[in-house]
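Novice: One structure is given below, represented as structure tokens, and several questions about it will come after.
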Amino acid sequence: MLNLSTKTVMQIMITVPIVITLGMATSFKGGTGVGGGALGSDGKRIYNARCSICHGVDGRGNTALGRKLEASDLRAPEVQNQSDDLLKETVMYGMGKMPRFEKKLNPDKIQQVLDYIRELGQKR
């Protein structure tokens, strides 16, 4: 049996629930890690699954398929300066050779992808 002091037991009783609560809080959507960035955001996951084949993981459009289809550099001012509504419409209904995602992604998911595209623009 462990022989713990009363002070040690009290510290454990206070610390453990706090650590568990913080761990649970960061597991929800939008949880942040060191530096304030989203931990594996849904927008990033959706983007990587649906968009990166053409636009690339970094958003530059410099993939084999992206070059062939002339995919936009999502970090470029021409894209980043567009309104949220216009970008949402582009994701929903496609543009040029870009497919439509209106039946594949609900409005919340589209917003999450848009938020991630905005993050890519900051990494330029």
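Conditions (1) among the polar types (S, T, N, Q); (2) modelled with pLDDT under 95, marked per residue:
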{"site": "N3", "(1), (2)": "yes, yes"}
{"site": "L22", "(1), (2)": "no, yes"}
{"site": "G35", "(1), (2)": "no, yes"}
{"site": "R45", "(1), (2)": "no, no"}
{"site": "L65", "(1), (2)": "no, no"}
{"site": "K68", "(1), (2)": "no, no"}
{"site": "L87", "(1), (2)": "no, no"}
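Novice: State yes or no: is I46 crowded, with 17+ Cβ neighbours inside 10 Å and not in a loop (DSSP other than H, G, I, E, B)? Write out each step before concluding.
Specialist: Details: crowded, with 17+ Cβ neighbours inside 10 Å: yes; not in a loop (DSSP other than H, G, I, E, B): yes.
Yes; evaluated as a whole, the condition is true for this residue.
Novice: Does K7 qualify as being modelled with pLDDT of 95 or more, loosely packed, with under 11 Cβ neighbours inside 10 Å and among the basic types (K, R)? Explain how you work it out, then say what you get.
Specialist: On the way: modelled with pLDDT of 95 or more: no; loosely packed, with under 11 Cβ neighbours inside 10 Å: yes; among the basic types (K, R): yes.
So K7 fails the test.
Novice: With the requirement that a residue be of a type outside the set (A, V, I, L, M, F, W, C), part of a loop (DSSP other than H, G, I, E, B) and closer than 16 Å to G59 by Cβ, what does region 69-98 give you?
Specialist: Residues of region 69-98 of a type outside the set (A, V, I, L, M, F, W, C): 70, 72-73, 75, 77-78, 80-85, 88-90, 93-94, 96-97.
Of the ones still in play, those that are also part of a loop (DSSP other than H, G, I, E, B) are 70, 72-73, 75, 81-83, 94, 96-97.
The answer is E70, S72, D73, R75, N81, Q82.
Novice: Could I ask something else about it? Among the residues of region 67-89, write down those that are under 14 Å from I53 (Cβ atoms) and either surrounded by fewer than 13 Cβ atoms within 10 Å (Cβ to Cβ) or among the aromatic types (F, W, Y) (or both).
Specialist: The answer is R67, K68.
Yes/no per residue for (1) part of a helix (DSSP H, G or I); (2) more than 10 Å from the chain's Cα centre (by Cα); (3) surrounded by 17 or more Cβ atoms within 10 Å (Cβ to Cβ):
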{"site": "L65", "(1), (2), (3)": "yes, yes, no"}
{"site": "F101", "(1), (2), (3)": "no, yes, yes"}
{"site": "L105", "(1), (2), (3)": "no, yes, yes"}
{"site": "D108", "(1), (2), (3)": "yes, yes, no"}
{"site": "V113", "(1), (2), (3)": "yes, no, yes"}
{"site": "Y116", "(1), (2), (3)": "yes, no, yes"}
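Novice: For M92, all conditions in the list (1) touching a Phe, Trp or Tyr at 6+ places or on another chain (Cβ under 8 Å); (2) exposed (fewer than 14 other Cβ atoms within 10 Å of the Cβ) hold save one; what is the number of the exception?
Specialist: For M92, the exception is condition (2).
The values are calculated or read from the model by the stated rules, or taken from the named source; none is laboratory data. Computed from a predicted structure; not experimentally measured. Cβ atoms come from the backbone with ideal geometry, glycine included; neighbour counts cover every protein chain shown.
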